[in-house]
Each structure stands twice: as structure tokens, then as C-alpha cells.
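Trainee: Let me give you the structure first, and then I'll get to my questions.
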Number of protein chains: 2
Amino acid sequence: MNARSIVSEDAPVHGTSATPVQESRIARLCVERGLKMTGQRRVIARVLSDAEDHPDVEELYRRATALDSRISVATVYRTVRLLEEKGILERRDFGGGRARYEASEHGRHYHLIDIDTGKVIEFEDEEHEALMRRIAERLGFDLISLRMELFGRRVPAQESASAGKAGDKAGAAGRERKAPAALGGGKA
Amino acid sequence: MNARSIVSEDAPVHGTSATPVQESRIARLCVERGLKMTGQRRVIARVLSDAEDHPDVEELYRRATALDSRISVATVYRTVRLLEEKGILERRDFGGGRARYEASEHGRHYHLIDIDTGKVIEFEDEEHEALMRRIAERLGFDLISLRMELFGRRVPAQESASAGKAGDKAGAAGRERKAPAALGGGKA
DNA sequence: TTATGTGCAAACAGTTTGCCCTATC
DNA sequence: GATAGGGCAAACTGTTTGCACATAA
């Protein structure tokens with residue numbers, strides 16, 4: 001996606017360099033929550049801040065090492081888990097067997113996955129959540145969270161309305177093989 | 001759930017026995033689709049037919065071997081995949097990192113997972129799908145399938161309305177540890 | 001009889017973890 | 001300088017697969 005802008009930041013970020021490169025948005029959040037800020041965390045935070053898609057750990061690792069090679073996958077896993085626990089990140093499962101991440105408070109939104117290309121379109125739906133909350137209440141529950149993904153196929157010709165705000169390239173969501181726990185719903 | 005009724009069927013099922021034990025509903029579906037009916041498939045089919053919950057492979061394996069010990073996990077995996085491809089079964093992901101299964105055409109319904117107990121309540125919502133289809137269309141997509149799970153917590157006192165139709169005991173859906181790709185949505 | 005299914009164990013992918021060194025506060 | 005974080009590689013979990021044998025049709 002914005003791999004370009006990420007890579008162009010290439011220089012300082014980690015080290016003992018001149019210009020103090022201002023902290024990324026997520027790095028700032030980390031500091032606020034009192035996390036010890038190491039070089040690798042700063043890099044990962046920057047990658048996450050710059051990401052406009054929903055990268056999986058492998059992709060985060062790739063982008064992070066492009067900025068600073070002394071980062072291991074283990075650290076990416078640990079950091080991503082930490083940030084999720086701190087409420088800074090949110091984990092997603094679009095099928096395909098790997099967790100994918102995006103910063104919290106991108107505003108409440110849902111995802112529509114193009115089953116042919118794996119592209120992810122975000123959309124909002126104000127009423128939806130309220131509706132589900134009501135349903136949960138009717139069943140005697142407080143709604144704590146909800147998960148919803150739509151899987152669709154681009155309708156061919158005729159020009160249709162505007163698309164969502166963010167694209168995404170990582171592997172298609174369909175079930176090729178090796179997709180342990182994915183694709184729920186029926187034929188809709 | 002109905003482990004009792006499953007176990008009580010114990011006798012024939014597999015073999016060269018007297019009373020021809022009538023085929024389970026799913027076994028019948030298998031025959032209709034031209035699947036070769038082996039002893040183990042018949043057992044697995046029966047377990048699935050009798051299940052009123054959403055067992056994972058481990059649980060299916062446990063129940064199946066209780067009926068007939070000469071079944072391996074590999075076979076359960078293979079069978080479950082086969083049945084899913086044939087549209088007889090549907091795979092679910094309630095978080096917790098293992099796929100869970102239920103027979104197709106239980107009618108269209110959704111799931112509310114009790115985050116404290118892992119219990120799964122089913123509920124219907126006629127409009128919901130139509131609403132999502134409209135949203136997808138607005139984005140230029142045909143809705144192929146959709147996935148939605150609510151995660152909630154039982155509201156304490158006051159007697160509230162009726163619960164759903166099916167309970168479920170297998171491991172809580174929450175994120176204790178070791179849950180690779182699960183729990184999506186935000187704080188709702 | 002012949003294509004298909006099964007058991008077993010090894011292989012895999014994604015993720016976690018133990019140990020020991022390093023860096024941050 | 002004490003304590004939390006990171007690298008590396010080994011361990012784990014859920015799931016798939018290769019192979020030789022068994023079995024339904």
C-alpha cells in the first residue's frame with residue numbers, strides 16, 4: 001500500500017541519529033501507556049501507524065525489517081500481542097489462517113472482503129451495532145463485542161457506487177488449502 | 001449435550017450386525033451425494049447428526065471413538081473437510097483457534113457466544129442478511145457469504161427473555177492463550 | 001477387482017516460549 | 001544497576017499428507 005512512504009522514512013527511527021524523527025502516532029500511545037520504548041517497538045509502531053491496510057505478522061515483519069534489520073519475528077509477535085492487550089491494536093481474522101492487525105479507533109467499521117482478490121473494503125453502518133445490541137439484550141446478554149465480515153464478489157459491468165476507503169493486497173480470503181479456521185457464514 | 005443418546009446407540013453402527021440401525025440424517029445425505037460409505041464415515045455422520053452443539057474436531061473424534069474405536073483423527077479431519085466441500089457441513093470459527101462444525105441448513109442463523117462460559121446461543125435475524133446484501137451492493141459487490149458472531153456477557157440479575165435453542169460446552173471462546181486467529185470486533 | 005478410504009506418523013504453518021544476552025529507565 | 005525486552009531456536013497446536021494396507025462398490 002504505502003510501502004513507499006514507509007521505506008522513504010528509512011533513515012533514523014531506531015538509532016543514535018541526528019534529527020529526532022517525531023514519534024509515530026502509535027509510539028506516542030505506547031509512551032502514554034507507560035511502555036518501555038525500545039528501538040524495535042518504535043519501528044513496529046511506525047509501521048503500524050503508517051499502515052493503511054490490515055497486515056499480518058509476516059507483512060509487519062517484512063516492513064519492519066526494511067526499516068531496521070535487527071528485529072525478529074518473535075518480537076513482532078510479542079509486540080503485536082502487547083499492543084492488542086493495551087487496546088492500541090485490534091486483531092482481525094479474514095480467513096486464510098493468519099491474524100491481521102489494524103490500529104484501534106479507526107472508528108467503528110466493518111470489512112467486506114473481495115473473495116477473488118483478497119482486497120478488503122471498509123464500511124460503516126451506524127445502526128447495525130445498535131441493532132445487534134438489542135438482539136443480545138433480548139437474549140439476556142450485554143453485547144461486549146461483535147465480529148462481522150462480508151465476503152463478496154465484484155459485480156462485473158455497470159458502474160456502481162463508491163468503494164470503501166482502504167484497499168489491501170495480502171492473500172485472498174478464500175479457502176485454497178491450509179486455512180485452519182476461517183470462512184464462516186452460509187451462502188447468504 | 002446428548003452424549004447419552006449417542007453412546008446408547010453404541011452397538012451396531014459399524015459392522016456386520018443384525019438390526020440394520022437406520023442411517024443417520026447426514027449419512028443419508030452422504031449417500032445421496034454419492035459418497036462411498038465406510039464404517040467410520042457412518043459413525044462420524046451419526047455423531048454429527050446427533051450433535052446439537054458446535055463440536056470441534058477433537059470433540060467429534062472423542063464422540064466418534066466412543067462409538068467405534070477404530071477411527072483416527074486424520075479421518076475425522078478428512079471427513080469433515082469432505083462434508084464441508086459437499087455442503088453438508090458448515091465450518092465455524094468462534095475464536096479459540098479451532099474450527100467448529102454444524103450441519104448445514106439448520107436454517108439461517110447467527111451465534112452469540114457467552115464470553116464467560118463459551119456457551120453458544122443461536123438466534124435468527126431475518127432482516128440482517130438483506131441489509132448486508134444492500135450494503136455490499138452499494139459498494140459494488142454481490143454478497144456471497146457473511147460471517148457474524150456476537151460476544152456477550154450474561155446480564156446478572158433480573159429475569160430476561162428466553163435463551164436461544166442450543167447450548168454448547170466446548171472451551172470458552174475468550175482469549176486465554178494459544179488462540180491464533182480469533183476474536184475480531186471492537187468494544188462494540 | 002479396482003478405485004477410494006484409512007491409520008500412522010511425519011510434516012507443516014502460525015504462533016509461543018525458555019534461555020541468556022542486551023538495552024532502557 | 002536492576003528489570004524488562006529481544007534474538008534465537010526449540011516447542012506447541014491445529015491441521016494436512018505420504019505411504020502401505022484395507023475395503024466398499
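Trainee: With a 1.4 Å probe and every protein chain left in place, work out the accessible area per residue of region B:22-104 in Å², rounded to a whole number. Before the final figure, lay out the partial values.
Mentor: Values: 3490 Å² over 83 residues.
Result: 42 Å² per residue.
Trainee: Could you let me know the centre-to-centre spacing of region B:117-150 and region B:32-54, using Cα atoms, in angstrom?
Mentor: 28 Å
Trainee: In B, who owns the beta-carbon nearest the axis carrying B over to A, and how many Å from it?
Mentor: B:148, 2
Trainee: Once label points are set 7 Å from the Cα along Cα→Cβ at both residue A:126 and residue A:36, what is their separation, rounded to one decimal in nm?
Mentor: Here the answer is 4.7 nm between the modelled labels.
Trainee: Same structure, new question: Got the relative contact order for region A:22-104 handy, in percent, Cα pairs under 8 Å and 6 or more residues apart?
Mentor: RCO, region A:22-104: 28 percent.
Trainee: Here's another thing I want to ask about it. For residue B:52 and residue A:23, FRET efficiency with R0 = 45 Å and r from the beta-carbon atoms, rounded to 0.05?
Mentor: Numbers: r = 53 Å, r/R0 = 1.18.
Result of the calculation: an efficiency of 0.25.
Trainee: Mind checking how much accessible area A and B bury in total, 1.4 Å probe, in Å² rounded to 100?
Mentor: Buried area between the two chains comes out at roughly 5600 Å².
Trainee: Which one, B:128, B:140, B:110, is farthest towards the positive end of the dipole of region B:107-154 when Lys and Arg carry +1 and Asp and Glu -1 on their Cβ?
Mentor: Sorting the options by dipole projection puts first B:140.
Trainee: How much of the DSSP beta bridge set in region A:107-154 is antiparallel, as a percent to the nearest 5? Intermediate values should be presented prior to the final figure.
Mentor: Working: 4 of 8 bridges.
Around 50 percent of the beta bridges assigned by DSSP in region A:107-154 are antiparallel ones.
Trainee: Using a Förster radius of 25 Å, what is the FRET efficiency between residue A:73 and residue B:86 based on their Cβ-Cβ separation? Nearest 0.05, please. List each step's numbers first, then the result.
Mentor: Working: r = 38 Å, r/R0 = 1.51.
Between residue A:73 and residue B:86 the formula returns 0.10.
Trainee: Related question: Sorted from shortest, what are the nm distances separating the label point of residue A:62 from equivalent points in the other copies, each placed 7 Å from Cα along Cα to C-beta?
Mentor: Here the equivalent label points are 4.0 nm apart from this one.
The values are calculated or read from the model by the stated rules, or taken from the named source; none is laboratory data. This is a predicted model, so every value here is computed, not measured. Cβ: placed from backbone, ideal geometry, glycine included. Neighbour counts: every protein chain shown. Calculation scope for accessible area: heavy atoms of the full protein, side chains included, ligands and nucleic acids excluded. Shrake-Rupley method; radii C 1.70, N 1.55, O 1.52, S 1.80 Å.
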